[in-house]
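Engineer: Please read through the structure below; I'll follow up with questions.
Please treat every number below as a calculation from the coordinates, not as lab data. Everything numeric in this text was worked out from a predicted model, so none of it was measured. Heads up, the Cβs are rebuilt from the backbone with ideal geometry, glycines too, and the neighbour counts pull from every protein chain shown.
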Amino acid sequence: MSINQRSSLRKSLNIIEIDDNKKDLRVQKLRGRYLFRATVRLVLEYIDWIKDDISIMDQAINNGIDGTAFQSERKSTIERHLLNLQDRSILLIRPQLRTKNDKSHILQLIKKFGAFKKYPDDSKNSIASICRYQYFGPGRIIVRQNHPANFLYYIINGHVELTKIEKDHITDETSVINAGTLGRGDMFGEVALLHNIPRSTTVTTKTPVDLLSINKSHFDRLLKFNLLENWNILQDALVTFNYFNTWDKTTVRDCCIISKIKDYQPNEIILGDGKGMVNYVYFLLSGNCRLIEHMLILEEKRGHEMKYKLYNPNEYETIKQRSRRPSRKIDDDNNDDTEADEIIDSQLENNSASQDYNKLLLNQNTGKEFDIERASVVTTTLQDVVNQWHEITEIAAELMRRPSTLSQQVYPDGVRTVFMKICEFHRGACFGLGEEMRNRRIVSLTPVRCLLVPRYWLLEHNRANIWERVKVFMNSKYPSREKLFNEFVTNRRWMKYKKNLVNDIMKRGKNISSSTTIHDVPYSIRINEQLHGL
């Protein structure tokens, strides 16, 4: 290589080095400007929740509020918006730069909001380390329909709107359908991540929204296994019922998204008496439960017989009419004062009667003798009252402690509340389709697991009008109120006859001739008695 070639190469390298130095110098000069622009953009992006503290501070200064009142006003605003500046500042720290205290603070926020409830505590600890905070103003599109799924979102505050574009295969026209609204405490995006499918809807903010997001890689590593396990449980539950055999995979997947599985303990009210989710249909996966109805029975003793009648509040005096009556025990000069005393006395009498009734219900020692007339207040229709009354004492006591609006009245003397068992539900049964539930409730007998599906979803997929037919069938099988009352009267008459028969036999004693011998007792019963005697 000649000397000229070496010198030209050296010059070219020097020129490149000079150009690089000029570029670095230019970047350093513009660095402050870039940082200023980035800061302004961040301020504009988060101006909605930054100006809250400023407006409160200005108001406090203008009104002359002291420091204590300012702090209380600031605290109420923080509680209203859930997140304060400190919380957002910690959430905005990059996951790889978060300290142990930052992660602990984020974990406390997750527990405070009740976020990611379906995941175990170990997963929540990991979520506090990798989740990101995002803030969007109103009218922003978070995800688009048919776009690939990259994030799971949890809504801390605000509301988003779901829209879906559907195409008519006949006219080739497209229409935008409103798929609902999500708010505080809701999650979206997990189904697309779980099944690796595109987004099914477009999510747009209606109000300023605070979000926690988890990217796909962290979702697959930390949350997918647990979510897939719960998903398989829902799918297996749907397969259990023949109602869903005709659904395609997409319909089953959409149903699993909005359905849930719930467990109940024995003697727990599943539906009725203001409990349960009335907008859901219950499918019984395991366990047994029963339908119980309560009636108001008026007992009137005529001669030596007790007459029973369904109590109708419209046919009798109301509480106000009873309280307006003048007292017969007090002189006419003190009517105004004694009338209030009479009301208090009547209330005390009713309370004492209620306490005696509750004591009867809570007495579960079936080995003791008890008054059959009073014990039959809690009864059933399909089996003997004496053998079954103790099984629903806990339920009856609970119903008496927490009465419905109808039973929060004071009734005349002689009116009794009677609980009747209508039917029992076993595995594979369903209820909550809109059947008649007035004065009725469904109570678990054993540990029960139910699949809950929104009723509107079933009505949208109501092939051959199956759900309406099921509801009509159930209403036709439930006995009417009059039939239950007649069954109650029949049971009471049988109990009275049995009681008189036993008393008559006990009085006559050995004078009764009987040809019954030990050989008339079934051999299986005699064997059991001999075994117990050993």
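Engineer: Spin-label point model (7 Å from Cα, Cβ direction): what's the LEU97 to ARG438 distance in nm?
Structural biologist: If labels sit at LEU97 and ARG438, their model points lie 6.6 nm apart.
Engineer: Computed over the Cα atoms, what is the radius of gyration of the range 85-236 divided by 2.2 N^0.38 Å, N being its residue count?
Structural biologist: That works out to 1.12 for the range 85-236.
Engineer: Using the Kirkwood formula on the Cα atoms of the range 413-533, what hydrodynamic radius do you get, in angstrom to one decimal?
Structural biologist: After inverting the mean inverse Cα-Cα distance, the result is 20.3 Å.
Engineer: For ASN288, enumerate residues with amide H under 5 Å from its amide H, sequence gap 5+ or separate chain, H modeled in the peptide plane.
Structural biologist: It is LEU445, THR446, by chain and number.
Engineer: Report, by chain and number, residues whose modeled amide H sits under 5 Å from the one on ARG184, excluding near sequence neighbours (fewer than 5 apart, same chain).
Structural biologist: For ARG184, whose amide H was placed from the backbone, the distant partners under 5 Å are GLY158.
Engineer: Provide the per-residue ³J(HN,Hα) series for the range 176-181, in order, calculated from phi with Karplus coefficients 6.51, -1.76, 1.60 and θ = phi - 60°, each as a whole number of Hz, with x at glycine and proline positions.
Structural biologist: After applying 6.51 cos²θ - 1.76 cosθ + 1.60, I find 9, 10, 6, 9, x, 9 Hz.
Engineer: What FRET efficiency would be calculated for the residue pair THR240, ASN500, taking the C-beta separation as r and a Förster radius of 56 Å, to the nearest 0.05? Present the calculation step by step, with values, prior to reporting the outcome.
Structural biologist: Details: r = 51 Å, r/R0 = 0.90.
Calculated value: 0.65.
Engineer: If the chain between ARG416 and ASP122 were fully stretched, how many nm would it gain, using 0.36 nm times the residue separation less the Cα-Cα distance?
Structural biologist: Extra length from ARG416 to ASP122 when fully extended: 100.5 nm.
Engineer: Just going by the charge dipole of the range 145-223, with Lys and Arg at +1 and Asp and Glu at -1 on Cβ, which of PRO198, VAL176, LEU211 is farthest out on the positive end?
Structural biologist: Going by the Cα projections, it comes out as LEU211.
Engineer: Related question: Can you tell me how much longer the chain between VAL489 and GLU161 gets when fully stretched, taken as 0.36 nm per residue apart minus their C-alpha distance, in nm with one decimal?
Structural biologist: The span from VAL489 to GLU161 would gain 112.4 nm if fully extended.
Engineer: Extension gain GLU482-ILE525, at 0.36 nm per residue separation less the Cα-Cα distance, in nm?
Structural biologist: 11.5 nm
Engineer: Distance check, please: which entries in LYS118/LYS249; LYS249/LYS477; LYS206/LYS249; LYS124/LYS260; LYS164/LYS206; LYS224/LYS262 exceed 27 angstrom between their Cα atoms? Don't skip to the end; give the middle numbers.
Structural biologist: Details: LYS118/LYS249 23 Å; LYS249/LYS477 34 Å; LYS206/LYS249 31 Å; LYS124/LYS260 21 Å; LYS164/LYS206 16 Å; LYS224/LYS262 21 Å.
With Cα atoms farther than 27 Å apart: LYS249/LYS477; LYS206/LYS249.
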